[in-house]
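Visitor: After the structure tokens below, expect a handful of questions from me.
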Ligand code: ADP
Ligand code: GLC
């Protein structure tokens, strides 16, 4: 079964968040199940072709794509996802993809991803490669179902192609002016209030995908339910309810080779559920590096995140000073909105002996903090799946989360009476509830034996792609039948 996996970020080439991790690992798992996977990705200027062993396809060059009144050409490069035989095609168009970062606020953001989507289909045509399934991801690939239905239906190559849209975050909807329809080469007949392309008078790529894809998936069972409600649907709950029977919630897996405390190449000591002591050596190492006074009874709370409203920073800020009166160290790694970056910088200035931050993106440090910390804070307002809590569980770093989306599916609140739970969670999106939950975790932390049991429950759980990739495989197969 030929499967095209269209994505705008993919680890290890380019990453802003969890979509990259999924794109770098799910196709590998599906390939093992027997799919012939091909990943399609823009060739951003940050992706180094030589370092990644990519080579340009010499047979087809300067392929034209018309976006509105402009025509630009592209070449495509080929590579292989590390430790696999999954081919990756990189769409190379410097005009659109040399911007220093994958996503921008530039006024041609619509054109950039219209170009990408058309270029993917043009590449498949050049290669005479007929996909049984095109798995789209997020709004940047939301027009593909329309293209397959309307613009490319003349081509035998796509006669049996079925489309799936995977929603990783309903908050990013690709909203543009209605005039973008012309640039996309789509029919205005489908633009009317409440219709396939219209959302609050704008043209939404995500809505177009939700409307026309043959099937929809999202990244956890709980989020699949949530996005059909007004509270979490971000204006798309209506169309999602309409497509309810075609919407599947499949929990993301993690790459258990990359995120493995036994083999992790970024941490100074490796450890496992059977030999957990080395974890404390990493903690000590990082605390010394941070210049703090080491006290083994004081836990480290880690926080690694894109700094956006979604991640619940607004629940932390109002109780931050109270939080810092507690016996904790905090290690924060993040980048994003300026107000949050400034907040963590000020916090580090105020609490030099217990709070350390790194503003920016740093893959190595994300592994180090995940391994060194005792607890991981993730108070998201909404969280489609969340990978950090699963990485933390695997590293014996007990998550403290808000019970929402995929966090509710993966983190189970500890209760002293039932001997269960792999973390701590709270429901009310209130700062003082977060504070109380941290206090609850600190209290249990004092009981070393009990704490270790909680850690081990997380470390021993299976978060690999094995089960979830099979779920994708099954829905592909049903769709093709
Ligand atoms: P989201 O995709 O919403 O950002 P996820 O939990 O699914 O949330 O995935 C986030 C991914 O991005 C994780 O792999 C996390 O380690 C990584 N990450 C987030 N911020 C940073 C950062 N500043 N430096 C390095 N890695 C980061
Ligand atoms: C999105 C979501 C996150 C999810 C990731 C991968 O970025 O915010 O919860 O884990 O996609 O699916």
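Visitor: Filter the range 306-342 for residues that are under 16 Å from residue 355 (Cα atoms), touching a helix residue (DSSP H, G or I) at 6+ places or on another chain (Cβ under 9 Å) and either in contact (Cβ under 8 Å) with a residue 60 or more places away in the chain or more than 16 Å from ligand 1 (Cβ to nearest atom) (or both) and give the result. So that I can check it myself, show each step before the final result.
Guide: Step one: of the range 306-342, the residues under 16 Å from residue 355 (Cα atoms) are 313, 316-317, 319-334, 340-342.
Subset that is touching a helix residue (DSSP H, G or I) at 6+ places or on another chain (Cβ under 9 Å): 313, 316-317, 319-324, 326-334, 340.
Within the range 306-342, 316, 317, 319, 320, 321, 322, 323, 324, 326, 327, 328, 329 meet the criteria.
Visitor: Something else now. Among what's in the range 161-176 and is free of Cβ contacts under 8 Å to residues at least 60 places away in the same chain and in a loop (DSSP other than H, G, I, E, B), pick the residue that is farthest from ligand 2 (Cβ to nearest atom).
Guide: 161
Visitor: Additional query: Say we look at the range 367-386 and pick out the residues that are outside any helix (DSSP H, G or I) and closer than 22 Å to residue 276 by Cβ; which of these is nearest to ligand 1 (Cβ to nearest atom)?
Guide: Of the range 367-386, the ones outside any helix (DSSP H, G or I) are 373-386.
Those still in the list that are closer than 22 Å to residue 276 by Cβ too: 373-378.
Values: 373: 12, 374: 17, 375: 16, 376: 10, 377: 13, 378: 8 Å.
Filtering first and then ranking leaves 378.
Visitor: Could you run through the range 266-285 and say how many residues are under 18 Å from residue 362 (Cα atoms) and outside the structural domain of residue 374 (by TED's automatic domain parsing)?
Guide: 3
Visitor: Here's a follow-up. Name every residue in the range 85-111 that is crowded, with 17+ Cβ neighbours inside 10 Å and within 23 Å of residue 2 (Cβ to Cβ), in order of residue number.
Guide: 86, 87, 88, 89, 90, 91, 92
Visitor: Collect the residues in the range 401-448 that are surrounded by fewer than 19 Cβ atoms within 10 Å (Cβ to Cβ) and at positive phi, keeping them in residue-number order.
Guide: If the condition is that a residue be surrounded by fewer than 19 Cβ atoms within 10 Å (Cβ to Cβ) and at positive phi, then 419 is the only one that fits.
Visitor: Right, here's the next one. For the range 407-417, give me the residue count where each residue is under 19 Å from residue 315 (Cα atoms) and out of contact with any strand residue (DSSP E or B) (no Cβ under 6 Å at 6 or more places or on another chain).
Guide: Going through the range 407-417 one residue at a time, the tally reaches 1.
Visitor: Follow-up question, since we're still on this one. For residues that are over 25 Å from residue 26 (Cα atoms) and part of a loop (DSSP other than H, G, I, E, B), tally how many sit in the range 229-253.
Guide: In the first step, residues of the range 229-253 are kept if they are over 25 Å from residue 26 (Cα atoms); the result is 229-239, 241-242.
If we keep only those that are part of a loop (DSSP other than H, G, I, E, B) as well, we get 229, 234-236.
Matching residues across the range 229-253 total 4.
Visitor: Keeping to the range 346-363, report how many residues are more than 18 Å from the chain's Cα centre (by Cα) and within 10 Å of ligand 1 (Cβ to nearest atom).
Guide: To start, the set of residues in the range 346-363 that are more than 18 Å from the chain's Cα centre (by Cα) comprises 346-359.
Restricting the remaining residues to those that are within 10 Å of ligand 1 (Cβ to nearest atom) gives 358-359.
Total satisfying the criteria: 2.
Visitor: Within the range 187-198, is there a residue that is assigned by TED's automatic domain parsing to the domain that holds residue 41 and within 16 Å of ligand 1 (Cβ to nearest atom)? Full working, then the answer.
Guide: Start the filter on the range 187-198 by keeping residues that are assigned by TED's automatic domain parsing to the domain that holds residue 41, which leaves 187-198.
Checking the rest, the ones that are also within 16 Å of ligand 1 (Cβ to nearest atom) come to none.
No, the range 187-198 contains no residue that is assigned by TED's automatic domain parsing to the domain that holds residue 41 and within 16 Å of ligand 1 (Cβ to nearest atom).
Visitor: Considering only the range 1-101, give the strands (runs of 3 or more DSSP E) lying wholly within it that have at least 1 residues that are touching a strand residue (DSSP E or B) at 6+ places or on another chain (Cβ under 9 Å), under 27 Å from residue 170 (Cα atoms) and within 16 Å of ligand 2 (Cβ to nearest atom).
Guide: Values: elements: 2-6, 36-42, 63-67, 70-80, 87-92.
Those strands (runs of 3 or more DSSP E) span 2-6, 36-42.
Visitor: Of these, 208, 202, which one is buried (at least 21 other Cβ atoms within 10 Å of the Cβ), outside the structural domain of residue 387 (by TED's automatic domain parsing), over 22 Å from residue 481 (Cα atoms) and more than 16 Å from ligand 2 (Cβ to nearest atom)? Before you say what the answer is, go through the steps one by one.
Guide: On the way: 202 fails: buried (at least 21 other Cβ atoms within 10 Å of the Cβ).
Of 208, 202, the one residue that is buried (at least 21 other Cβ atoms within 10 Å of the Cβ), outside the structural domain of residue 387 (by TED's automatic domain parsing), over 22 Å from residue 481 (Cα atoms) and more than 16 Å from ligand 2 (Cβ to nearest atom) is 208.
Visitor: Identify the residue in the range 138-160 that is in contact (Cβ under 8 Å) with a residue 40 or more places away in the chain and more than 16 Å from ligand 2 (Cβ to nearest atom) and, among all such residues, is surrounded by the fewest Cβ atoms within 10 Å (Cβ to Cβ). Steps first, please.
Guide: The first filter runs over the range 138-160 and keeps only residues in contact (Cβ under 8 Å) with a residue 40 or more places away in the chain, leaving 138-146, 149, 160.
From what is left, the residues that are more than 16 Å from ligand 2 (Cβ to nearest atom) are 143-146, 149, 160.
Numbers: 143: 30, 144: 28, 145: 26, 146: 25, 149: 15, 160: 11.
Per the criteria, the residue is 160.
Visitor: Here are some conditions: (1) within 13 Å of residue 371 (Cα to Cα); (2) within 16 Å of ligand 2 (Cβ to nearest atom); (3) in the same structural domain as residue 405 (by TED's automatic domain parsing). Residue 335 meets all but one. Which one does it not meet?
Guide: (1)
Visitor: A further question on this structure: Looking only at the range 164-181, filter to residues that are surrounded by 14 or more Cβ atoms within 10 Å (Cβ to Cβ) and farther than 26 Å from residue 386 by Cβ; which one of those is farthest from ligand 1 (Cβ to nearest atom)?
Guide: 181
Visitor: Scan the range 1-52 for residues that are under 18 Å from residue 119 (Cα atoms) and within 16 Å of ligand 1 (Cβ to nearest atom) and report the count.
Guide: Residues that pass the stated criteria total 4.
Visitor: Which condition number does residue 72 fail, the rest of (1) more than 21 Å from residue 17 (Cα to Cα); (2) exposed (fewer than 14 other Cβ atoms within 10 Å of the Cβ) being met?
Guide: (2)
Visitor: Hey, can you tell me all the residues within the range 193-215 that are assigned to a loop (DSSP other than H, G, I, E, B) and touching a residue at least 60 places away in the same chain (Cβ under 8 Å)?
Guide: Applying the first criterion (assigned to a loop (DSSP other than H, G, I, E, B)) to the range 193-215 yields 193-197, 200-201, 213-214.
Within the range 193-215, 213, 214 meet the criteria.
The values are calculated or read from the model by the stated rules, or taken from the named source; none is laboratory data. None of the values given here were measured: they were computed from a predicted structure. Backbone-built Cβ (ideal geometry, glycine too); neighbour counts: all protein chains shown.
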